[in-house]
Amino acid sequence: MKVTKKAFLLNFVFFSTIFLNQGALAQDQCDTTLQCKLDFGERATDCKDSRSDKSICMCGSLPCNTDSGTDSNSLLIPALIEAEDFIRYFDSSNEHRGNCGSGPVDQQTTSDPKGGGCNIGWTAAGEWLEYDVQVNQGGKYDFDFRLASQDKNKNLNFSIDGNSVDNIVAPGKGWQKWDDVSVKNVQLNSGKHTLRVTFTSGSVNFNYFDVKKSGSNSGNNKLGFFNKNTDLLLLHFDLDNDLDDAHGIAGAGTMLQDARLQGVNFHAVVGTYSKRPSSFPNMNRLMNLAFSNNWSNAHTKRNNALNTVVNKSLRTLRNGGDIWIAEGGESDFSADVLRAIKNQAKNINTKAKIHVVQHSTTNEKKSNQKDFNFVKSNTDYRKIPDGNIEGNGSSGFRTFATQYWGRATSDVESGAMWQEARDMANQFNGQFGRFDNVHIGRGGMDFSDTPEFCYIIGINPRGVKEFFDEFL
């Protein structure tokens with residue numbers, strides 16, 4: 001069969017594009033060995049092909065992201081480990097009680113204000129759960145067990161590799177009255193270990209245990225759920241149809257200028273949509289005003305945005321931090337980030353370490369449902385009340401009132417970004433087949449994608465006025 005020059009070139013471009021897209025996350029990992037050590041710890045020994053577009057972090061003779069034989073079920077610590085993520089168990093009854101999980105181990109939806117999804121319940125004396133963990137850096141660790149019980153003097157035993165560490169007494173305040181019970185300065189050598197929790201007396205509810213390096217003081221810099229010492233905040237905006245994202249970007253930028261949020265490790269991404277829009281406004285100036293250079297454009301350079309977010313996320317996770325995603329868009333981009341993380345760090349418990357917060361049922365429905373289900377199944381997914389509505393428990397950042405614009409645009413620090421957000425929203429609202437946002441159309445405000453951010457940091461003003469009272 002004769003192949004024309006034109007057909008050959010088209011096939012070459014097509015297959016080259018596939019190859020580059022598939023290999024994008026594996027290429028250009030580093031410029032120096034120090035960068036590899038930041039990502040993979042002291043086991044990193046070299047940045048192979050340094051400063052080329054195919055540089056790879058090496059750990060001895062193998063790339064650092066190669067599965068070196070560690071059990072993929074082992075959880076890399078430090079980490080917050082959910083009780084239901086056990087590897088082995090003994091349950092005295094084959095009956096499953098509760099509305100979470102399956103199999104003999106009883107689980108229920110928890111009402112713990114710190115979250116966690118499900119907790120282990122209906123425990124009986126002698127039942128136990130085991131967890132395999134991988135320790136890359138040996139040393140002393142603290143274990144904070146999240147426990148509850150209706151009765152006092154109910155306890156469990158904590159052991160490592162078959163050796164008892166401590167007997168723990170659960171707080172006896174109520175089945176869903178949770179407290180942390182700590183075991184401090186436990187020596188763990190590098191390598192794989194098996195942790196066992198044995199319900200000595202039964203009648204203890206178990207939500208999770210948080211493992212961190214002793215003396216890390218990681219709890220001293222908490223903002224709501226977010227730990228400023230260790231965690232990464234990802235701010236996602238779709239900007240595919242509704243110009244509320246423009247106002248939302250200004251809202252998030254205003255929050256980040258607050259003194260309480262100084263030092264927060266964050267990255268913003270615009271263009272986290274499901275279906276590519278027919279037109280996309282140039283938001284570069286607004287994004288620069290709100291986030292300086294700490295943002296990516298997934299509309300124009302999706303692979304670059306994906307690489308940036310994945311690398312930042314892996315560095316955070318490998319240093320023991322959590323990822324918090326304020327999902328102002330659809331779940332498609334988050335799903336690709338999650339797939340890359342699971343591929344490159346197989347021993348990370350993503351359900352414990354990656355938290356996705358979404359306010360919009362519309363965004364859930366617009367997402368590719370395969371991607372949405374993947375994110376929901378593999379992360380700590382939290383659906384909060386709709387930010388478009390006041391009085392439903394959400395912040396409710398939407399109003400027809402126009403009087404707040406003067407206050408917003410005249411602010412010394414945030415004024416320029418609010419003016420740019422207003423100009424961009426007014427220019428594109430209802431244009432090029434876009435949704436006609438009536439609040440924007442009547443001169444009001446709609447930054448209803450901001451409540452996820454408020455939820456994560458635990459500062460929840462109710463309504464537009466309270467927002468500006470809080471942050472301006």
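The values are calculated or read from the model by the stated rules, or taken from the named source; none is laboratory data. The structure presented is a predicted model; accordingly, all values stated were derived computationally and were not measured. FYI the Cβ positions are ideal-geometry reconstructions off the backbone, even for glycines, and counts take in every protein chain you see. Ligands, DNA and RNA are stripped out before the accessible areas are found, and what is left, the full protein with its side chains, is counted by its heavy atoms. Shrake-Rupley method; radii C 1.70, N 1.55, O 1.52, S 1.80 Å.
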Open item on the list: Which count do you get for residues in segment 137-167 that are under 16 Å from TRP122 (Cα atoms), over 26 Å from the mean Cα position of the chain (by Cα) and of a type in the set (D, E, K, R)?
Closed with: 3
Open item on the list: Residues that are surrounded by fewer than 22 Cβ atoms within 10 Å (Cβ to Cβ): list the helices (runs of 4 or more DSSP H) wholly contained in segment 433-472 that include at least 2 such residues.
Closed with: 438-441, 463-471
TODO: Give the residue that is most open to solvent (accessible area, probe 1.4 Å), with candidates limited to residues of segment 239-258 that are more than 22 Å from PHE432 (Cβ to Cβ) and not small (Gly, Ala, Ser).
DONE: GLN257
Open item on the list: I'd like to check something: does segment 84-97 contain any residue that is buried (at least 22 other Cβ atoms within 10 Å of the Cβ), more than 14 Å from PHE209 (Cβ to Cβ) and not small (Gly, Ala, Ser)?
Closed with: no
Open item on the list: Return the pair list, or none, for Cβ contacts closer than 7 Å from residues in segment 237-254 that are more than 17 Å from GLY443 (Cβ to Cβ) to residues that are outside any loop (DSSP other than H, G, I, E, B) and of a type in the set (D, E, K, R), at least 6 apart or on different chains.
Closed with: PHE237/ASP245; ASP238/ASP245; LEU239/ASP245
TODO: Working only within segment 103-126, note down all residues that are among the polar types (S, T, N, Q) and assigned to a loop (DSSP other than H, G, I, E, B).
DONE: THR110, SER111, THR123
- [ ] Could you grab me the full set of residues in segment 346-392 that are of a type outside the set (Val, Ile, Thr), modelled with pLDDT of 85 or more and assigned to a loop (DSSP other than H, G, I, E, B)?
- [x] ASN349, HIS359, SER360, SER367, ASN368
TODO: Assess whether SER102 counts as being in contact (Cβ under 8 Å) with a residue 40 or more places away in the chain, open to solvent by 40 Å² or more (accessible area, probe 1.4 Å), out of contact with any Gly (no Cβ under 9 Å at 6 or more places or on another chain) and not β-branched (Val, Ile, Thr).
DONE: no
- [ ] Using the structure shown, decide if VAL412 is part of a strand (DSSP E or B) and either modelled with pLDDT of 90 or more or not hydrophobic (A, V, I, L, M, F, W, C) (or both).
- [x] no
Task: Checking ALA425 against (1) surrounded by 13 or more Cβ atoms within 10 Å (Cβ to Cβ); (2) outside any helix (DSSP H, G or I), the condition it does not meet - done: (2)
- [ ] Please verify whether segment 421-440 includes one or more residues that are modelled with pLDDT under 90, among the hydrophobic types (A, V, I, L, M, F, W, C) and closer than 30 Å to TYR208 by Cβ.
- [x] no
Open item on the list: Go through segment 307-345 and report how many residues are charged (D, E, K, R) and either buried (at least 24 other Cβ atoms within 10 Å of the Cβ) or assigned to a loop (DSSP other than H, G, I, E, B) (or both).
Closed with: 3
